[in-house]
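The values are calculated or read from the model by the stated rules, or taken from the named source; none is laboratory data. Everything numeric here is computed off the predicted structure, so don't read it as measured data. Note: ideal-geometry Cβ built from the backbone for every residue, glycine included; neighbour counts use all protein chains shown.
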Amino acid sequence: MTAAIDWAPMLSFLIVASITPGPNNLTAAAMGMRSGFRGALPFALGVYVGVALLLTLVGFLKIAISEFFYRYVLVFKIAGSAYLLWLAFSLVRKRDGIDADREDVPFFKGVALQMVNPKGLFFAMTMYSLFLTDRYDVLTTLGLAFGLPLVTIVCVSTWAFAGSFIARYLENPRHRRLFSWVMALLLVYTVVTILTKEFAVH
């Protein structure tokens, strides 16, 4: 099953989506500054579980409507690529930092945050519409859903560990601009790789 996965662009998207500043990472950084790395770990674990649950739900939905999904898989890939390009554009267009909830967030609120975060849903849908397009059984779907977000917990934990250092670094407009451009270019690379291979097949 996993032989059908194009790992390079998928990991590129996964890393960009997980490491860029957002409510999860900035909250983790704020908690790391106040409570230390260990104090922020429950939140990071909650983010991991929340993302894994989202991937599981979307994965099971894909199984349930598999015939419809595979009939229009090219449409899903084009829509997902458009979302990635929009994300890349928004990264280089945004001048101000992203606001984050600075209050301490326990484990279960970390999970719940993913359920109400539109970006989390788009993340899960993008994973299945662009990268995990093969036919997977239930066990494989669960393995991917709980295995891939390990990248997320590493990135969120990194923000918690770095704490004030990353926050201060990205407060510098030049640093934030460079960081945004690098992430945006990685997303464009992902889109080019996906669409080039897709249209080459067709």
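Checked against (1) out of contact with any Ser or Thr (no Cβ under 7 Å at 6 or more places or on another chain); (2) at pLDDT 80 or above, Tyr189 passes all but condition (1). For the subset of region 158-181 comprising residues that are out of contact with any helix residue (DSSP H, G or I) (no Cβ under 9 Å at 6 or more places or on another chain) and at pLDDT 80 or above, which member is surrounded by the most Cβ atoms within 10 Å (Cβ to Cβ)? Among them, the one singled out is Leu178.
Yes or no: Leu55 over 22 Å from Ser180 (Cβ atoms), surrounded by 13 or more Cβ atoms within 10 Å (Cβ to Cβ) and either more than 14 Å from the chain's Cα centre (by Cα) or at pLDDT 70 or above (or both)?
Working: over 22 Å from Ser180 (Cβ atoms): yes; surrounded by 13 or more Cβ atoms within 10 Å (Cβ to Cβ): yes; either more than 14 Å from the chain's Cα centre (by Cα) or at pLDDT 70 or above (or both): yes.
Spelling it out, Leu55 is indeed over 22 Å from Ser180 (Cβ atoms), surrounded by 13 or more Cβ atoms within 10 Å (Cβ to Cβ) and either more than 14 Å from the chain's Cα centre (by Cα) or at pLDDT 70 or above (or both).
The set of residues from region 6-33 being surrounded by fewer than 22 Cβ atoms within 10 Å (Cβ to Cβ), more than 15 Å from Tyr169 (Cβ to Cβ) and modelled with pLDDT under 75 comprises Asp6, Gly22, Pro23. Considering the conditions (1) at pLDDT below 85; (2) farther than 17 Å from Gly46 by Cα, Gly143 is excluded by exactly one of them, (1).
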